[in-house]
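The structure under discussion appears below in the form of structure tokens.
The values are calculated or read from the model by the stated rules, or taken from the named source; none is laboratory data. Worth saying up front: this structure is predicted, and the values here are computed from it rather than measured. Note that each Cβ is placed from the backbone with ideal geometry, even for glycine, and that neighbours are counted across all protein chains shown. When the accessible area is computed, the model is the full protein with side chains, heavy atoms only, and any ligands, DNA or RNA have been set aside. Shrake-Rupley method; radii C 1.70, N 1.55, O 1.52, S 1.80 Å.
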Amino acid sequence: MGKRVAIIGAGVSGLASIRCCLEEGLEPTCFERSNDIGGLWKFSDRVEEGRASIYQSVFTNSSKEMMCFPDFPYPDDFPNFMHNSKIQEYITAFAKEKNLLKYIQFETFVSSVNKRPDFSITGQWDVITEKDGKKESSIFDAVMICSGHHVYPNLPKESFPGLKRFKGKCFHSRDYKEPEVFKGKRVLVIGLGNSGCDIAAEISRTAEKVVISSRSGSWVMSRVWDDGYPWDMLFITRFETFLRNHLPTTISGWWYVKQMNAKFKHENYGLKPQNGTLRKEPVFNDELPARILCGTVTIKPNVKEFTETSAIFEDGTVFEAIDSVIFATGYSFAYPFLDDSIIKGRNNEVTLFKGIFPPLLGKSTLAVIGFVQSLGAAIPTTDLQARWAAKVIKGTCTLPSEKDMLSDIDEEIKEKIKQFGKSDTICTDYVNYMDELASYIGAKPSIPWLFLTDPRLAVEVFFGPCSPYQFRLVGPGKWPGARNAILTQWDRSLKPMQTRVSGGLQKPCLFFRWLKLLAIPILFIAVLVFI
């Protein structure tokens, strides 16, 4: 075996990192503080310190064809959008198939990761772990941090005057598990993200009244997209990404808003974002619009002030007799085992090259896997990040100079602020980001070459879903089954719904979708010509 690599966390990022280290001939040791793999997807009916926590009813926002490991499709009969138990079943099957479990030390807590005294020469780390009350120190050639960023709740109580005198219950969405305890209650949910909307819609079935308070609004998308197909198999394509990135800003923004408003007009529901053209991650909730229509959920602006029993909103309205306030206000980024200066390299802000490597470290022996956020699924993203990171650690790929990395980070921050706003600088454009990582390891498919050599595949790759299989199609780590997986992805997507056969399978006709999409720039050109 080669260099010794410490991997912190055995969720999807950790499993991807173990596998990629093995592919590169490295020697991985994964430390997991719980007794099982799965990370975020491992449901527990109690909140555990230092671990992500989900509620019983969590389903995926990405469809199965778009969120698999690129060489390990989901079983045909798995539904497109899966309950967390199905994801855990898949993750377990992957770990067993790839023989990863033997590299994991369970119930082992990483208490500190420090540079060794000779770090400037060796790039090595001292990793101190704890198990059964005993501490152990080990030397590693590299560290891959895979502990996620949904662990430490952001609870901004100081932003809400009067909250200290509020007499009802007050807690973060991380502590929410099931809806029964809210039967007949009056509940205020602060935050219009995925968790806030899920929780509000779920408890509204039995609660007396549910109000969501939102500072800036959100786009709310359905998992069911045009003609009933999974949203991401139609929305996350190379062709659509190309148009969004190359149309004039005015046209691109108009088109984006039109897509977000395809199911309902957000302004009519009090949901429209303040800056609707920003590409902030939308909320996925098929039930919320109906709950608003039925009056069981009400949308309100930001809370101006709390009293002992009520909330006063910025529009002057009041929600009286509140029993509980649930803060669905996201998470803070924290790695308590690591000195802040390593990750927060500049102005006390998280500074990572391509969201992975600290640029000021001197030695490229530490990587953060799974830290970025995009419309694309986490599993294929972490797989590609880990593949590149393992090659950098091994030495077969090299990073740019410190100056070039910092310059690249500055340019990306400017672009991200333009696309996503100041509060979402860990967000990224999925297809472009994946292509960029793939190009570093020689795994980016060449679309022109595919059109010359394999037109059928090229059409699916460029106009169809940008599915994970595309990034194991060529180059190092190539999977022989990738081509067939791409050509049969719609079959696997439609099969689980064929429990009552009522006609032949209706796959999307890419040709007519091209015409609809091309109609936008054609219309724009026509207007310019005839004005």
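Scan segment 21-72 for residues that are in a strand (DSSP E or B) and in contact with a strand residue (DSSP E or B) (Cβ under 7 Å, 6 or more places away or on another chain) and report the count.
Within segment 21-72, the subset in a strand (DSSP E or B) is 27-31, 59, 69, 72.
Narrowing the set further to residues that are in contact with a strand residue (DSSP E or B) (Cβ under 7 Å, 6 or more places away or on another chain) leaves 27-31, 59.
Looking only at that region, the number is 6.
Based on this model, can you work out whether Pro508 counts as under 30 Å from Thr382 (Cβ atoms), part of a loop (DSSP other than H, G, I, E, B), at pLDDT 95 or above and not basic (Lys, Arg)? Steps first, please.
Values: under 30 Å from Thr382 (Cβ atoms): yes; part of a loop (DSSP other than H, G, I, E, B): yes; at pLDDT 95 or above: no; not basic (Lys, Arg): yes.
Here the answer is no, as Pro508 does not meet what is asked.
Mind checking which pairs have a first residue in segment 269-285 that is more than 14 Å from Gln259 (Cβ to Cβ) and polar (S, T, N, Q) and a second that is at pLDDT below 90 and open to solvent by less than 30 Å² (accessible area, probe 1.4 Å), Cβ under 8 Å, 6 or more apart or different chains?
Asn275/Gly421
Taking into account only those residues within segment 208-231 that are out of contact with any Phe, Trp or Tyr (no Cβ under 8 Å at 6 or more places or on another chain) and farther than 19 Å from Thr296 by Cβ, which is most open to solvent (accessible area, probe 1.4 Å)?
Arg215
Give the residues of segment 100-115 that are assigned to a loop (DSSP other than H, G, I, E, B) and open to solvent by 60 Å² or more (accessible area, probe 1.4 Å), sorted by residue number.
At the first step, the residues of segment 100-115 found to be assigned to a loop (DSSP other than H, G, I, E, B) are 100, 106-108.
Matches in segment 100-115: Glu107 only.
Which of the residues that make up segment 393-424 are in a helix (DSSP H, G or I), under 30 Å from Phe94 (Cβ atoms) and touching a strand residue (DSSP E or B) at 6+ places or on another chain (Cβ under 7 Å)? Before you say what the answer is, go through the steps one by one.
Step one: list which residues in segment 393-424 are in a helix (DSSP H, G or I), which gives 393-394, 402-420.
This time we only want the ones that are under 30 Å from Phe94 (Cβ atoms), so: 393-394.
Passing the criteria: only Ile393.
Can you work out which of the residues in segment 442-499 that are in a loop (DSSP other than H, G, I, E, B) and among the basic types (Lys, Arg) is most open to solvent (accessible area, probe 1.4 Å)?
Narrowing segment 442-499 to residues in a loop (DSSP other than H, G, I, E, B): 442-446, 454, 464, 466-467, 473-481, 488, 498-499.
Right, trim to among the basic types (Lys, Arg) and you get 444, 478.
Values: Lys444: 100, Lys478: 127 Å².
Looking at residues that are in a loop (DSSP other than H, G, I, E, B) and among the basic types (Lys, Arg), I get Lys478.
Which pairs do you get when a residue that is at positive phi, found in segment 124-135, comes within reach of a residue that is among the charged types (D, E, K, R), reach meaning Cβ atoms under 9 angstrom, with the pair 6+ apart or on two chains?
Listed by first residue and then by second, the contacts come to Asp132/Glu107.
Kindly indicate which of Glu130, Glu202 is more than 21 Å from Val220 (Cα to Cα), of a type in the set (D, E, K, R) and open to solvent by less than 70 Å² (accessible area, probe 1.4 Å).
Values: Glu202 fails: more than 21 Å from Val220 (Cα to Cα).
Criteria check complete, one pass: Glu130.
For segment 233-251, give me each residue that is surrounded by fewer than 17 Cβ atoms within 10 Å (Cβ to Cβ) and either without any contact (Cβ under 8 Å) to a residue 40 or more places away in the chain or of a type in the set (Phe, Trp, Tyr) (or both).
Answer for segment 233-251, where residues must be surrounded by fewer than 17 Cβ atoms within 10 Å (Cβ to Cβ) and either without any contact (Cβ under 8 Å) to a residue 40 or more places away in the chain or of a type in the set (Phe, Trp, Tyr) (or both): Phe242, His246, Thr249, Thr250.
Which one is modelled with the highest pLDDT among residues in segment 133-157 that are of a type in the set (S, T, N, Q) and open to solvent by less than 60 Å² (accessible area, probe 1.4 Å)?
Pass one, segment 133-157, residues of a type in the set (S, T, N, Q): 137-138, 147, 154.
Cutting the leftovers down to open to solvent by less than 60 Å² (accessible area, probe 1.4 Å) gives us 138, 147, 154.
Numbers: Ser138: 96, Ser147: 90, Asn154: 89.
It comes out as Ser138.
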